[in-house]
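Take a look at the structure below.
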Amino acid sequence: MAQASTLNTRPQLRLKAWLAVAFVFAMLMFYLDQPFLANVAFLVVGVLLAVVIDFIREEIRRPMQARDIARALYEELANRVARCVFDFEQPWEKWVDKKNCQPNEVDVLRLQRFIPIPPTVYPATASQLALLGGNAPQALIRFHVALAVYQRDMQDVAHYCLQHDFSHVPSNLVSLLAGRLHRTLRPGLNALLELSVLVEDYEKIDAEAIREADSLFKHERAHLTLRQRIQHYVKD
């Protein structure tokens, strides 16, 4: 975090140094008894004022923009993470061990219903992730990469089964997908932790995200928060 903060302040320090040098130079020309140089000094001071005003405006705008982007990203992130943990709770947790998956337990149509919907906010704001600062951009990227891997494998397995006229998914592939889903949970929790620093009332967003999933049916850990439910599966 300290290193990222240092990197972010370096351009500001350089700008301030150049502004100070230019201002001193303009003042020297202004006090010389030369009309032409005085006019140049006035122009330089005018340019400096415009630069300073733009700099101050940008300094005010960036934190506000970062908070707006963070909230939009967090709304989508909480929704995707909640769906991952909800699906893992029931039924995918038991299928991590393929011995728990019966040969005809998962048909292709059922499998396709679990394929996650691609994110929309994350790709739309990817070029602005640096505004978030700290470890939030990297945490977001790691979760969305894990989610994309899980989504791709779900689609590939469904395509493979349809191509070979399998009505049900082989147990070893079900276990593979259960493992892929489990690998989204820790990155999801880390992303929530990092990004929530910039988001007011993030607890309400978490609660609404998992409440929407729980409306389908109740789970034995439905009384826990979203983060507590994830921690149950990533505690090792």
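Values as computed for the structure displayed
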item	result
Restricting the stretch 130-181 to residues that are part of a loop (DSSP other than H, G, I, E, B) and open to solvent by less than 60 Å² (accessible area, probe 1.4 Å), the residue that is farthest from Ala72 (Cα to Cα)	Pro170
Given (1) without any contact (Cβ under 8 Å) to a residue 24 or more places away in the chain; (2) surrounded by 15 or more Cβ atoms within 10 Å (Cβ to Cβ), number of the condition Ala191 does not satisfy	(1)
Which listed residue, of Arg221, Arg211, is modelled with pLDDT under 95 and touching a His at 6+ places or on another chain (Cβ under 7 Å)	Arg221
Test: Ala209 is among the hydrophobic types (A, V, I, L, M, F, W, C), farther than 16 Å from Glu93 by Cα and crowded, with 19+ Cβ neighbours inside 10 Å	yes
Enumeration of residues in the stretch 104-153 that are within 24 Å of Leu198 (Cβ to Cβ) and of a type in the set (Ser, Thr, Tyr)	Thr120, Tyr122, Thr125, Ser127
Residue match in the stretch 115-129 (condition: part of a loop (DSSP other than H, G, I, E, B), in contact (Cβ under 8 Å) with a residue 24 or more places away in the chain and over 18 Å from the mean Cα position of the chain (by Cα))	yes
Which listed residue is surrounded by 12 or more Cβ atoms within 10 Å (Cβ to Cβ), modelled with pLDDT of 90 or more, out of contact with any Pro (no Cβ under 6 Å at 6 or more places or on another chain) and assigned to a helix (DSSP H, G or I), from Val44, Val51, Val81, Val40	Val81
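The values are calculated or read from the model by the stated rules, or taken from the named source; none is laboratory data. None of these values were measured; they are calculated from a predicted model. Because the Cβ atoms are built from the backbone with ideal geometry, glycine has one as well, and the counts that use them run over all protein chains shown. Remember, those area values only see protein heavy atoms, side chains included, never the ligands or the DNA or RNA. Shrake-Rupley method; radii C 1.70, N 1.55, O 1.52, S 1.80 Å.
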